[in-house]
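Q: Provided herewith is a single structure, encoded as structure tokens, for subsequent inquiry.
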Amino acid sequence: MYTPKEIAENYLSACRTKAALPLGRMFVLACLAGAFVALAGVASTAAAATVGDPSLAKLVSGCVFPAGLAMVIVAGSELFTGNNLMIMGVLARTITVRRMLRNWLVVYLGNFAGAVLVATLCVSGHVFSAFGGKLAASVIAIAQTKAGLTFCDAFVRGILCNFLVCIAVWMANAARTVGGKIAAVFFPIMAFVVAGFEHSVANMYYLAAGIFTAGQTGAAAEGLTWGRALIGNLLPVTLGNLVGGGLLVGVSAWYLYLKQGRNSVNS
């Protein structure tokens, strides 16, 4: 297992690689990550759709959803929330602010494309018709709940979520084996799902799936609109994710493990 200082130093190399990716390759890798997270969302919702007890349903969902980040890390792709740790590279002068922002923007858009594509395919294939319509009802209810959050609630839940996601990425980078990486991501991701925190890339899928399913089934979905999805949820959740991952984890890690050493690396 790598030590925390070794993890931080190794991540600087990853920052260079991420920042130097050609735009086309970066976008496709981001689409894959969005699809991985969305597919985990499909499976976790399906697993919990017929569980009567709400707490148990969340636990079941939380035990399935970590598959998304496991695929992102092991298969190799670009996830916006995990890439918030690239702030470490900026502070260590390994990459420039411009390169970091370029990565964040392209990856965010690619994650959105991949997540919405999965939602579209699931609706087109009537995947949510399972369990006599219970899965479709669950998909719509989840999206309504997310769209109904206040700006402040969504922002705070976004902070808490990406703190755990970036800790999961950090722990995965401590492992030297595939099995170790998968085990490392499981508990932090399960914790954020069970706690009801908000992940911007997951919400790209959940909100799109809810809107598409409501349109397909004709179900009443009060308050579930693209305006509420994008401005009411994705905007504050994304800002919260940036604070939780970039500030609370990324800046802290730089200060603890890199500031006294490699803070003069050329960009």
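The values are calculated or read from the model by the stated rules, or taken from the named source; none is laboratory data. Everything numeric here is computed off the predicted structure, so don't read it as measured data. Using ideal geometry, Cβ is built from the backbone for each residue, glycine included, and neighbour counts are taken over all protein chains shown. Surface areas here come from the heavy atoms of the whole protein model, side chains and all, with no ligands, DNA or RNA. Shrake-Rupley method; radii C 1.70, N 1.55, O 1.52, S 1.80 Å.
Q: State the number of residues belonging to the range 114-142 that are closer than 20 Å to LEU224 by Cα and either surrounded by 19 or more Cβ atoms within 10 Å (Cβ to Cβ) or of a type in the set (Ser, Thr, Tyr) (or both).
A: Going through the range 114-142 one residue at a time, the tally reaches 16.
Q: Only one of ASN111, ASN10 is open to solvent by less than 10 Å² (accessible area, probe 1.4 Å) and in contact (Cβ under 8 Å) with a residue 40 or more places away in the chain; which?
A: ASN111
Q: Restricting the range 13-63 to residues that are among the small types (Gly, Ala, Ser) and outside any helix (DSSP H, G or I), which is surrounded by the fewest Cβ atoms within 10 Å (Cβ to Cβ)?
A: At the first step, the residues of the range 13-63 found to be among the small types (Gly, Ala, Ser) are 13-14, 19-20, 24, 30, 33-35, 38, 40-41, 43-44, 46-49, 52, 55, 57, 61-62.
With outside any helix (DSSP H, G or I) added as a condition, the list becomes 49, 52.
On the way: ALA49: 20, GLY52: 6.
By that ranking, first place goes to GLY52.
Q: Another question, if that's okay. Would you mind stating whether PHE187 is surrounded by fewer than 17 Cβ atoms within 10 Å (Cβ to Cβ), modelled with pLDDT of 95 or more and among the aromatic types (Phe, Trp, Tyr)?
A: Working: surrounded by fewer than 17 Cβ atoms within 10 Å (Cβ to Cβ): yes; modelled with pLDDT of 95 or more: yes; among the aromatic types (Phe, Trp, Tyr): yes.
Judged against the criteria, PHE187 is a match.
Q: Next question. Against the definition (among the aliphatic types (A, V, I, L, M) and open to solvent by less than 50 Å² (accessible area, probe 1.4 Å)), how does ALA75 come out, yes or no?
A: no
Q: Which one of these is surrounded by fewer than 20 Cβ atoms within 10 Å (Cβ to Cβ), touching a residue at least 24 places away in the same chain (Cβ under 8 Å) and under 28 Å from THR50 (Cα atoms): GLY148, GLY158?
A: Values: GLY158 fails: surrounded by fewer than 20 Cβ atoms within 10 Å (Cβ to Cβ).
None of the others qualify; the one that does is GLY148.
Q: Still on this structure, I have one more. With respect to ILE73, is the statement that it is farther than 21 Å from VAL28 by Cβ, under 14 Å from the mean Cα position of the chain (by Cα) and not charged (D, E, K, R) true?
A: Values: farther than 21 Å from VAL28 by Cβ: no; under 14 Å from the mean Cα position of the chain (by Cα): yes; not charged (D, E, K, R): yes.
Against the criterion (farther than 21 Å from VAL28 by Cβ, under 14 Å from the mean Cα position of the chain (by Cα) and not charged (D, E, K, R)), ILE73 does not qualify.
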